[in-house]
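The values are calculated or read from the model by the stated rules, or taken from the named source; none is laboratory data. Every value quoted in this text rests on a predicted model; they were computed, and no experiment measured them. Reconstructed Cβ throughout: ideal geometry from the backbone, glycine too, with neighbour counts over all protein chains shown.
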There are 2 protein chains.
Amino acid sequence: MKKIRLFTPGPCTVPEEALLEMARPFEHHRTQWFKDLFAECNTKLKQVFGTTNDVITITGSGTAAAEGAIVGCNPPGSKFLNINGGKFGERWGKIANQFGIDCIDHKVEWGHAVDPAAIEKLLKDDPKITNVMVVHSETSTATACDLQAIGAICRKHDKLLIADCITSAAALPLKPDEWGVDIVVTGSQKALMLPPGLGFVSVSERAWKVIEGNKGQHCFYNNLASARKAMLKGDTPYTPAHLLVRGLRITLNMLLEEGMEKVWKRVAAMAEATRAAARAMHVEVYSKRPSDSVTALVVPNGVVEKDLRKKLRERFGLHLAGGQDHIEGKVVRLSHMGAIDSLDMLAAIAGLEQVLFEMGHKFELGSGTAAAVKVFAERK
Amino acid sequence: MKKIRLFTPGPCTVPEEALLEMARPFEHHRTQWFKDLFAECNTKLKQVFGTTNDVITITGSGTAAAEGAIVGCNPPGSKFLNINGGKFGERWGKIANQFGIDCIDHKVEWGHAVDPAAIEKLLKDDPKITNVMVVHSETSTATACDLQAIGAICRKHDKLLIADCITSAAALPLKPDEWGVDIVVTGSQKALMLPPGLGFVSVSERAWKVIEGNKGQHCFYNNLASARKAMLKGDTPYTPAHLLVRGLRITLNMLLEEGMEKVWKRVAAMAEATRAAARAMHVEVYSKRPSDSVTALVVPNGVVEKDLRKKLRERFGLHLAGGQDHIEGKVVRLSHMGAIDSLDMLAAIAGLEQVLFEMGHKFELGSGTAAAVKVFAERK
């Protein structure tokens with residue numbers, strides 16, 4: 001009985017309904033059928049993102065979508081403030097550099113969330129800043145920032161705000177219009193429960209003004225203005241990965257049937273249960289402000305991270321992610337996104353508990369799973 | 001009995017084996033399993049492309065792959081000669097403009113192939129040209145150029161040659177190393193028989209020198225140098241559409257089992273049969289130098305193109321493409337790529353014949369299909 005249990009923070013478990021939909025007879029994408037499908041998905045993406053803004057679909061990863069947003073929002077003369085507190089924050093600064101964008105790369109200690117007041121100070125100190133990018137849920141450190149507070153500051157100072165919501169959209173509470181988030185970037189393979197291959201960008205009207213007026217930008221494939229122009233005709237500028245759009249319709253329907261508030265609660269309960277289990281097992285949570293979509297656990301002394309993940313894979317088919325860069329070998333990361341519920345999360349915790357115990361970490365066997373059960377019982 | 005028969009020049013028919021493979025339990029991509037799969041595909045892509053050069057896989061459409069090639073090959077100081085004889089040739093010039101690349105856009109009349117001697121003259125007239133891009137099979141006009149002759153000229157003048165082989169790779173005879181083609185660009189949804197979502201670029205060593213030495217290029221997501229660096233570690237720089245890579249293994253195996261020479265012959269026979277049927281039905285072939293991967297037929301007087309394609313779809317599930325730009329409404333295009341064989345092609349021809357006759361076009365009913373049968377019988 002060999003199972004695959006994906007608890008990596010992307011790709012996440014794809015529901016069988018979506019996989020089977022994608023195996024159905026294959027169709028052409030320049031048809032009324034696709035236009036209807038695409039329009040339906042675009043409407044439902046707005047509902048899932050909690051916005052009335054257009055949501056652009058790009059064939060590519062979340063990085064492709066982020067490139068489109070960063071390059072589009074930074075015409076010559078603009079200044080980009082990038083908040084860099086992990087691997088993904090770091091990547092967005094690299095994109096800005098690659099495209100010759102004037103960029104302040106504001107570093108935040110890994111595992112900490114940016115202090116909104118620090119952003120306000122930066123904006124006051126340098127009025128030339130035109131736009132800000134933050135990572136809502138930094139996957140590499142499993143840390144979430146206070147996007148609502150940051151949105152209020154950016155709105156107050158009249159700056160565009162781009163949010164990397166790659167591991168927050170459809171997982172954490174997200175209200176871009178209410179919070180003043182101009183651009184939400186995400187990818188298909190996280191809480192949207194699809195295989196990788198699609199990136200999404202929601203864009204506010206004031207951001208469209210900058211993007212569509214940007215004549216100096218060097219970006220063709222990931223150009224959001226071209227994508228919007230095509231989308232208004234029900235189309236995409238280049239051939240879309242329309243098989244994934246077919247799967248998307250299924251997963252969007254699943255999310256909306258559950259209801260976004262309930263989805264957020266389901267995810268938050270899994271995160272809280274994991275943290276409770278960690279406390280019971282004397283395992284430290286890495287982040288000082290943990291994201292509810294992914295938890296990073298500090299690997300206990302005496303346990304070798306690579307061996308831990310290998311045993312989890314081999315014994316239970318449990319896939320966890322390791323750490324990146326200077327925290328490689330020091331943490332393991334468990335996702336709370338994808339087509340999983342409390343019992344799946346319990347299974348992952350029970351597997352982790354058994355392997356940690358077997359590897360010599362000292363705690364009361366059973367206490368982790370028991371702590372998680374209590375959280376789920378309370379939060380039902 | 002509602003069938004879908006895709007004779008559009010991309011997406012083409014995807015074999016059920018590939019669709020079903022992609023519906024199997026979903027796995028993670030940062031694993032040894034994926035490294036092995038990716039390495040196998042990379043090796044087999046070389047065999048299918050007929051090259052010993054690296055083949056880079058990008059998550060995106062063929063346009064994404066072309067952007068990577070064009071931007072990579074044109075560091076500051078380079079000069080790009082783009083041969084523009086259709087919609088795709090036009091697009092590559094637009095990419096060059098978008099990225100601020102010094103570009104000569106050499107226009108060729110639609111439906112005609114570029115004369116290799118004209119390229120040689122351009123190279124002699126402007127020694128500053130560093131690289132040339134041609135479309136091997138221009139999908140919009142269903143026209144193939146003499147890539148071998150152009151390769152010889154570029155090699156003689158020591159210029160890099162980029163070939164858009166989006167509708168030629170795995171369909172028309174292609175020998176990049178022998179012919180002197182430095183870069184071959186293609187996409188997944190044509191003769192590689194997959195859904196859209198992957199782009200491929202093979203790169204010669206002399207092209208790598210330019211690309212890897214290119215410090216001034218504004219390209220992040222579609223950056224070939226980053227992709228190669230990751231590929232050497234068995235990986236991709238950003239999350240790949242690995243579901244499609246799983247399907248790719250299946251279709252590459254199918255192509256290699258058939259053998260590339262036989263694949264090319266199968267495709268050529270379908271094209272020849274279609275042209276023979278057209279002659280019998282008094283329908284003109286649009287191109288002066290037809291590609292064997294796609295045929296553009298001039299819609300006869302008295303027949304409305306939109307109605308023709310609609311009837312074909314409704315009555316037989318036959319999907320043909322229309323014309324683009326100034327030949328919209330004037331041609332229909334039939335693909336000879338994808339998981340189709342002579343009997344499938346005969347079915348398409350028989351459907352087309354019946355609908356053309358019914359719509360009042362004058363010819364001997366049955367003559368088209370009969371002409372095609374004769375071609376297939378001769379070429380078996």
query: Among the candidates B:Ala271, B:Ala278, which residue alone is touching a residue at least 24 places away in the same chain (Cβ under 8 Å), in the same structural domain as B:Glu358 (by TED's automatic domain parsing), out of contact with any Leu (no Cβ under 6 Å at 6 or more places or on another chain) and under 25 Å from B:Phe376 (Cβ atoms)?
result: B:Ala271
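For a quick check of your reading: which helices (runs of 4 or more DSSP H) sit entirely within the range B:139-223 and have at least 3 residues that are under 30 Å from B:Ala321 (Cα atoms) and modelled with pLDDT of 95 or more?
Here the list reads B:147-156.
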field: Total residues in the range B:143-196, condition more than 14 Å from the chain's Cα centre (by Cα) and farther than 20 Å from B:Glu120 by Cβ
entry: 2
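Residue-by-condition table, conditions (1) in the same structural domain as B:Val203 (by TED's automatic domain parsing); (2) of a type in the set (A, V, I, L, M, F, W, C); (3) farther than 24 Å from A:Gly60 by Cβ:
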residue	(1), (2), (3)
B:Asn82	yes, no, no
B:Phe88	yes, yes, no
B:Ile95	yes, yes, no
B:His112	yes, no, yes
B:Ala118	yes, yes, yes
Test: A:Ala372 is buried (at least 21 other Cβ atoms within 10 Å of the Cβ) and either of a type in the set (S, T, N, Q) or touching a strand residue (DSSP E or B) at 6+ places or on another chain (Cβ under 7 Å) (or both): no
task: Being among the hydrophobic types (A, V, I, L, M, F, W, C) and within 17 Å of A:Ala163 (Cβ to Cβ) is the filter; apply it to the range A:82-102 and report the residue that is nearest to the chain's Cα centre (by Cα).
output: A:Phe88
query: Mind checking which residues of the range A:84-104 are surrounded by fewer than 21 Cβ atoms within 10 Å (Cβ to Cβ) and closer than 24 Å to A:Pro290 by Cβ?
result: A:Lys87, A:Glu90
- prompt: Would a scan of the range B:330-349 turn up a residue that is more than 27 Å from the chain's Cα centre (by Cα), of a type outside the set (Asp, Glu), surrounded by fewer than 20 Cβ atoms within 10 Å (Cβ to Cβ) and not assigned by TED's automatic domain parsing to the domain that holds B:Gly86?
  reply: no
message: Condition first: touching a Gly at 6+ places or on another chain (Cβ under 9 Å) and more than 10 Å from every other protein chain (Cβ to nearest Cβ). Now tell me which residues in the range A:43-58 satisfy that.
response: A:Ile56, A:Thr57
- prompt: Looking only at residues in the range A:132-154 that are touching a residue at least 60 places away in the same chain (Cβ under 8 Å) and β-branched (Val, Ile, Thr), which one is surrounded by the most Cβ atoms within 10 Å (Cβ to Cβ)?
  reply: A:Thr141
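Quick check on the range B:306-343: of everything there that is of a type in the set (Asp, Glu) and within 14 Å of chain A (Cβ to nearest Cβ), which residue is nearest to B:Val283 (Cα to Cα)?
The extreme case among them is B:Glu328.
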The one condition in (1) within 24 Å of B:Ala296 (Cβ to Cβ); (2) more than 8 Å from chain A (Cβ to nearest Cβ); (3) surrounded by 19 or more Cβ atoms within 10 Å (Cβ to Cβ) that B:Ser61 fails to fulfil: (2)
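This table checks each residue for (1) within 14 Å of chain B (Cβ to nearest Cβ); (2) on the phi < 0 side of the Ramachandran plot; (3) touching a Gly at 6+ places or on another chain (Cβ under 9 Å).
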residue: A:Met231; (1), (2), (3): no, yes, no
residue: A:Tyr238; (1), (2), (3): yes, yes, yes
residue: A:Ala241; (1), (2), (3): yes, yes, yes
residue: A:Ile250; (1), (2), (3): yes, yes, no
residue: A:Val263; (1), (2), (3): no, yes, no
residue: A:Ala268; (1), (2), (3): no, yes, no
residue: A:Met281; (1), (2), (3): no, yes, yes
residue: A:Ser287; (1), (2), (3): no, yes, yes
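Can you give me the number of residues within the range B:68-81 that are closer than 21 Å to B:Pro127 by Cβ and more than 17 Å from the chain's Cα centre (by Cα)?
The first filter runs over the range B:68-81 and keeps only residues closer than 21 Å to B:Pro127 by Cβ, leaving B:70, B:73-81.
From the residues that got through so far, the ones that are more than 17 Å from the chain's Cα centre (by Cα) too are B:73-81.
Within the range B:68-81, residues that are closer than 21 Å to B:Pro127 by Cβ and more than 17 Å from the chain's Cα centre (by Cα) number 9.
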query: Considering the range A:276-293 alone, what residues qualify as being over 16 Å from A:Lys330 (Cα atoms) and either aromatic (Phe, Trp, Tyr) or touching a helix residue (DSSP H, G or I) at 6+ places or on another chain (Cβ under 9 Å) (or both)?
result: A:Ala276, A:Ala277, A:Arg279, A:Ala280, A:Met281, A:Pro290, A:Ser291, A:Asp292, A:Ser293
Positions within the range B:211-226 being away from chain A (no Cβ under 12 Å) and either hydroxyl-bearing (Ser, Thr, Tyr) or crowded, with 19+ Cβ neighbours inside 10 Å (or both), in sequence order: B:Ile211, B:Leu224
message: Show the residue pairs meeting these rules: Cβ distance below 7 Å; 6+ apart or different chains; first residue within the range B:12-33 and within 7 Å of chain A (Cβ to nearest Cβ); second residue surrounded by fewer than 19 Cβ atoms within 10 Å (Cβ to Cβ) and not in a loop (DSSP other than H, G, I, E, B).
response: B:Ala23/A:Leu20; B:Glu27/B:Trp33
statement: Across (1) farther than 29 Å from A:Ala113 by Cβ; (2) among the aromatic types (Phe, Trp, Tyr); (3) touching a strand residue (DSSP E or B) at 6+ places or on another chain (Cβ under 8 Å), A:Phe357 clears everything bar (3)
